[in-house]
Amino acid sequence: MDALRIRGTGKPLKGTVRISGAKNAALPILCATLLSDGESLLRNVPKLRDMETTSALLRFLGRDVHFDAPEIRVRAGSQVRPEAPYELVKQMRASVLVLGPLVARFGRAKVSLPGGCAIGARPIDQHLKGLEAMGASIRLERGYVIAEGPGNGGRLRGAEISFDLPTVTGTENLMMAAALAKGRTTLVNCAREPEVEELARILNKMGAEVNGAGTDVMHIVGADRGTLAPFDHAIIPDRIEAGTYMVAAAMIQGGDVLLEGAEISHLEALSSKMRAAGVDISSEGQSVRVRRSGPLRATNITTAPHPGFPTDMQAQFLALMAIAHGESVISETIFENRFMHVPELQRMGASVVVRGNTAVVQGVKKLYGASVMATDLRASASLVIAGLSADDTEIRRVYHLDRGYECIEEKLRGLGGNVERVRGAEA
Ligand code: EPZ
């Protein structure tokens with residue numbers, strides 16, 4: 001397994017970093033290609049393991065897929081196999097996003113339950129409740145969801161569906177199901193993330209009728225011709241990658257980084273907290289500029305569904321607060337086990353006490369390098385950020401990091417960071 005070696009230079013990050021396309025926008029959109037038989041082209045796709053996994057899954061389902069980053073071409077193959085096996089789904093939970101399109105397009109699907117992951121149980125009850133409301137029959141069999149359209153594989157029917165809580169992939173799955181269902185579907189209390197809005201743009205380009213994306217009520221009228229048109233689309237920038245480099249730039253006084261291609265309107269909650277912590281965030285053309293000229297101030301955050309503070313930025317922000325002046329209270333309201341970066345940061349000298357879903361951080365003057373372990377995608381990012389301000393850190397199991405950050409060592413070196421990949425390091 002690879003490791004990353006970070007030698008803190010003591011110098012702040014400076015320069016320009018190109019923000020890649022959004023992983024969490026590309027994933028549902030690639031699954032939406034199942035709704036069409038034409039050749040779709042997705043541009044600005046990041047070269048990440050999750051993209052390779054999704055390509056492999058679409059091939060398993062019978063699609064012809066050509067992934068040559070930053071482009072992916074998908075078109076119908078000679079046959080369809082509406083099954084997503086455990087071997088693929090266990091590598092990437094977002095594989096569950098093939099469920100809605102498969103049932104809507106082919107009347108049936110057999111998709112492995114994703115199972116839990118490091119950050120939580122991650123149930124999909126809301127996805128299944130919505131499909132049942134649309135007339136699908138759902139049964140669970142030996143770890144698989146077996147779903148069938150009404151009347152043994154018939155067409156789904158539009159329905160009014162109210163989510164118990166906002167779920168990003170739950171909203172996306174049902175948007176795709178509704179795009180070919182008969183009549184109108186209303187999704188109430190749906191997720192409002194930019195990635196949900198991007199999927200709505202694609203479904204409208206494909207010929208569905210989606211209104212209200214970005215708000216908590218969406219109306220979708222299904223297309224009657226049985227399939228949707230293919231699309232050619234360049235996806236939005238990755239707001240979590242951008243936020244991660246925003247925090248990295250703020251770790252050392254004097255940081256001055258331009259996040260090229262970042263969309264500031266996707267980063268309002270994070271930007272507001274960064275400003276409160278004493279970091280200057282400004283929009284410059286199609287980019288976002290991050291400057292840190294003075295001391296860091298302790299700042300409290302509570303994660304929430306978009307447009308609230310993103311849970312995917314909690315670990316990174318906590319690493320920043322570990323060296324801020326004063327006490328910060330970090331509350332995680334989305335996932336039940338999302339403080340696994342804390343014990344690793346404590347090994348680097350951070351002063352943090354976790355009580356339930358709250359972490360109380362006492363800022364320290366300096367963090368110390370250590371050998372630490374990545375546990376999940378965003379926890380790994382917080383260790384990289386901490387390593388930038390320490391002396392000598394080795395982060396193991398960086399395959400977690402490779403799921404969501406394209407060329408992270410090259411990008412950090414481009415900003416003056418001293419980061420190298422150690423191939424085949426001890427696990
Ligand atoms: C998406 O996961 C993202 N993944 C996650 O990003 C992100 O952390 C999460 O949204 C929250 O923003 C993708 O978009 C591929 P949820 P998702 O359904 O859709 C509960 C990353 O780092 N819930 O919005 O799986 C659930 O347990 C990843 O890129 C149910 O109870 O998250 C959680 O507490 C990590 N029942 C809450 O809702 C359901 O049926 C929000 O989960 C579905 C969800």
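The values are calculated or read from the model by the stated rules, or taken from the named source; none is laboratory data. As the structure is a computational prediction, the values presented were derived from the model and not from experiment. All Cβ positions, glycine included, derive from the backbone under ideal geometry; neighbour counts span all protein chains shown. These accessible areas exclude ligands, DNA and RNA; they are computed on the full protein's heavy atoms, side chains included. Shrake-Rupley method; radii C 1.70, N 1.55, O 1.52, S 1.80 Å.
Remarks
- Condition met for L367 (part of a helix (DSSP H, G or I) and either open to solvent by 30 Å² or more (accessible area, probe 1.4 Å) or in contact (Cβ under 8 Å) with a residue 12 or more places away in the chain (or both)): no
- Meets criteria (more than 16 Å from the ligand (Cβ to nearest atom), β-branched (V, I, T), modelled with pLDDT of 95 or more and surrounded by 24 or more Cβ atoms within 10 Å (Cβ to Cβ)) for T215: no
- The set of residues in the stretch 43-53 that are β-branched (V, I, T) and either buried (at least 24 other Cβ atoms within 10 Å of the Cβ) or without any contact (Cβ under 8 Å) to a residue 24 or more places away in the chain (or both) contains only V45.
- Test: A84 is within 16 Å of the ligand (Cβ to nearest atom), surrounded by 21 or more Cβ atoms within 10 Å (Cβ to Cβ), closer than 24 Å to G149 by Cβ and not charged (D, E, K, R): yes
To keep it simple, each residue is scored yes or no on (1) in a helix (DSSP H, G or I); (2) open to solvent by 10 Å² or more (accessible area, probe 1.4 Å); (3) in contact with a Cys (Cβ under 6 Å, 6 or more places away or on another chain).
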position: S382; (1), (2), (3): yes, no, no
position: A386; (1), (2), (3): yes, no, no
position: T393; (1), (2), (3): no, no, no
position: H400; (1), (2), (3): yes, yes, no
position: E410; (1), (2), (3): yes, yes, no
position: R413; (1), (2), (3): yes, yes, no
position: G416; (1), (2), (3): no, yes, no
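- Residue check for A248: modelled with pLDDT of 95 or more, of a type in the set (A, V, I, L, M), assigned to a helix (DSSP H, G or I) and open to solvent by 10 Å² or more (accessible area, probe 1.4 Å): no
- Options V111, V98: the member that is within 13 Å of the ligand (Cβ to nearest atom) and modelled with pLDDT of 95 or more: V98
- Single residue of the stretch 312-347 satisfying the filter (surrounded by fewer than 22 Cβ atoms within 10 Å (Cβ to Cβ) and assigned to a strand (DSSP E or B)) that is farthest from the chain's Cα centre (by Cα): H325
- Restricting attention to the stretch 289-311, the residues that are closer than 20 Å to A249 by Cα and either among the acidic types (D, E) or part of a strand (DSSP E or B) (or both) add up to 6.
- Residue within the stretch 25-42 that is in contact with a Ser or Thr (Cβ under 7 Å, 6 or more places away or on another chain) and open to solvent by 60 Å² or more (accessible area, probe 1.4 Å) present: yes
- Evaluated against (1) closer than 30 Å to G116 by Cβ; (2) more than 16 Å from the ligand (Cβ to nearest atom); (3) open to solvent by less than 30 Å² (accessible area, probe 1.4 Å), M274 falls short on exactly one condition, (1).
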